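Single-structure report; data block below.
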Amino acid sequence: MSSGRIEAILRYIRPGRPLYDLCCDHGLIGLTALLEKGSSKVYFVDQSLNALRPLQNVLAQKSAEIQARAFVIGSPAEHMV
């Protein structure tokens, strides 16, 4: 299971709202928001394309409805502002 710090962050997710998972690395927070917390859209952002590959593999195995709500962006987080 996830750490206490991640659990604390997850409590702030608002169902039905988009979430930007900046510097997402493994995407744990964004995946939880997408699959369990009811986020309308999740933007996974990380500048490391290598870090995003496992996340993209996980998302490729999800339903089309889930995939349509997930956006994986290979870019530094400061470019999102």
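The values are calculated or read from the model by the stated rules, or taken from the named source; none is laboratory data. This structure is a prediction, so every number in the text was calculated from the model and none was measured. So basically every Cβ, Gly included, is an ideal-geometry build from the backbone, and we count neighbours across all protein chains shown.
Could you list all residues from segment 59-81 that are in contact with a Leu (Cβ under 7 Å, 6 or more places away or on another chain) and not small (Gly, Ala, Ser)? Hits for segment 59-81 are Ile66, Gln67, Arg69, Val72, Met80. Just one of the numbered conditions (1) in contact with a strand residue (DSSP E or B) (Cβ under 9 Å, 6 or more places away or on another chain); (2) hydroxyl-bearing (Ser, Thr, Tyr); (3) surrounded by fewer than 15 Cβ atoms within 10 Å (Cβ to Cβ) is not true of Tyr12: (1). Checking each residue of segment 19-31 against the condition of being more than 13 Å from the chain's Cα centre (by Cα) and of a type outside the set (Gly, Ala, Ser) gives no match.
One line per residue, one yes/no per condition, for (1) in a loop (DSSP other than H, G, I, E, B); (2) in contact with a Lys or Arg (Cβ under 9 Å, 6 or more places away or on another chain):
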residue: Arg5; (1), (2): no, no
residue: Arg14; (1), (2): yes, yes
residue: His26; (1), (2): yes, no
residue: Thr32; (1), (2): no, no
residue: Tyr43; (1), (2): no, no
residue: Arg53; (1), (2): no, no
residue: Val58; (1), (2): no, no
residue: Lys62; (1), (2): yes, no
residue: Glu65; (1), (2): no, no
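Within segment 25-52, the set of residues being in contact with an Asp or Glu (Cβ under 8 Å, 6 or more places away or on another chain) and either at pLDDT 90 or above or among the small types (Gly, Ala, Ser) (or both) comprises Gly27, Ile29, Gly30, Ala33, Val42, Tyr43, Phe44, Val45, Asp46, Ser48, Ala51, Leu52. Restricting the first member to segment 46-67 and to residues that are polar (S, T, N, Q), and the second to residues that are at pLDDT 95 or above and assigned to a helix (DSSP H, G or I), the beta-carbon pairs closer than 8 Å and six or more apart or on different chains are Gln67/Leu59; Gln67/Ala60.
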